[in-house]
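The values are calculated or read from the model by the stated rules, or taken from the named source; none is laboratory data. None of these values were measured; they are calculated from a predicted model. We place every Cβ from the backbone using ideal geometry, glycine too, and count neighbours over all the protein chains shown. Just so you know, the surface numbers come from the protein's heavy atoms only, side chains and all, with ligands and any DNA or RNA stripped out. Shrake-Rupley method; radii C 1.70, N 1.55, O 1.52, S 1.80 Å.
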Amino acid sequence: ALQGAYLFGGRDTMAATGLTYSEYARRGFFELVAVAVLAGGTIVALERLARERSRALIAAAIALTALTAVVLVSAVLRLGLYQEAYGWTELRLYVLATIVLLAAVLAALVVALLADRVRWMGHVVVVAGLVVGLGLNLIGPARFITEQNVARALDPSQVPVHGQSGIDTIYAISLGDDRIPALVRVLPALDPMEAAFLRDELRFRLMQLRTDAGLGAWQAWNMGREGARHALEEA
């Protein structure tokens, strides 16, 4: 209870402690990982060492899992503050995916405790990791990140007063072909110098897509590259 103000204080906590958005979010994430490992390891060890699975043991293990979930919620809120202020990056998206994975594992752990199947948790972690990884591939990190940041640039009302609007073109061009349709849409809203720089990069990429035989071969076809080619040719 005493940790509540620190865990959920948000901008008030940052103001009181002098933490930046990134420091507050990173601390939240690494605290979550540390707590999850310690709590999960403790529960699995007790399951193996206990002579009998008493109701008190199961209740205590579930309570520990629930308290770990409190730290998880805090990490989500901190990451949300960071993302709200500065937009998305690959790292922030992967941190969110890791938090989703931990949430799924915590939920599965409660079920395993009730069903006396804690010994299967190793399998659950592997399967949950594969599902989250597949989900990321279906979302398309580069496309998702660019679309979200472009939406912030086109509609500054999405950015809070304390936040940073606009789009980091240097970072955006490093994300791959999935980013290109969204970047084409944002060109009219950019500063003239940024727009000129981005147009040059996009023209260069279009030239590569037209002239590079390796990129044009059927074996190299993918949806992201085809979408980029179509967007660039229509721009």
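Tabulated data for the structure shown
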{"item": "Residue match in the range 161-175 (condition: under 18 Å from Glu84 (Cα atoms), among the aliphatic types (A, V, I, L, M) and touching a Lys or Arg at 6+ places or on another chain (Cβ under 8 Å))", "result": "yes"}
{"item": "Some residue of the range 124-138 being touching a residue at least 40 places away in the same chain (Cβ under 8 Å) and open to solvent by 60 Å² or more (accessible area, probe 1.4 Å)", "result": "no"}
{"item": "Residue in the range 146-159 that is touching a Leu at 6+ places or on another chain (Cβ under 8 Å) and under 30 Å from Val105 (Cα atoms) present", "result": "yes"}
{"item": "Pick from the range 28-77, criterion charged (D, E, K, R) and free of Cβ contacts under 8 Å to residues at least 60 places away in the same chain, ranking: nearest to Leu114 (Cα to Cα)", "result": "Arg55"}
{"item": "The range 6-65, subset within 26 Å of Leu91 (Cα to Cα) and basic (Lys, Arg), residue surrounded by the most Cβ atoms within 10 Å (Cβ to Cβ)", "result": "Arg26"}
{"item": "All positions within the range 163-177 that are modelled with pLDDT of 80 or more, over 19 Å from the mean Cα position of the chain (by Cα) and among the polar types (S, T, N, Q)", "result": "Thr169"}
{"item": "Residue count, the range 106-121 (criterion: out of contact with any helix residue (DSSP H, G or I) (no Cβ under 6 Å at 6 or more places or on another chain) and closer than 20 Å to Val71 by Cα)", "result": "2"}
{"item": "Tabulated pairs, the range 204-221, first without any contact (Cβ under 8 Å) to a residue 12 or more places away in the chain and more than 19 Å from Glu234 (Cα to Cα), second loosely packed, with under 12 Cβ neighbours inside 10 Å and among the aliphatic types (A, V, I, L, M), C-beta under 8 angstrom, 6+ apart or interchain", "result": "Gly214/Ala220"}
{"item": "Any hit, the range 180-190, residues being charged (D, E, K, R) and in contact (Cβ under 8 Å) with a residue 40 or more places away in the chain", "result": "no"}
{"item": "Any hit, the range 101-116, residues being within 25 Å of Ser22 (Cβ to Cβ), open to solvent by less than 20 Å² (accessible area, probe 1.4 Å) and in a helix (DSSP H, G or I)", "result": "no"}
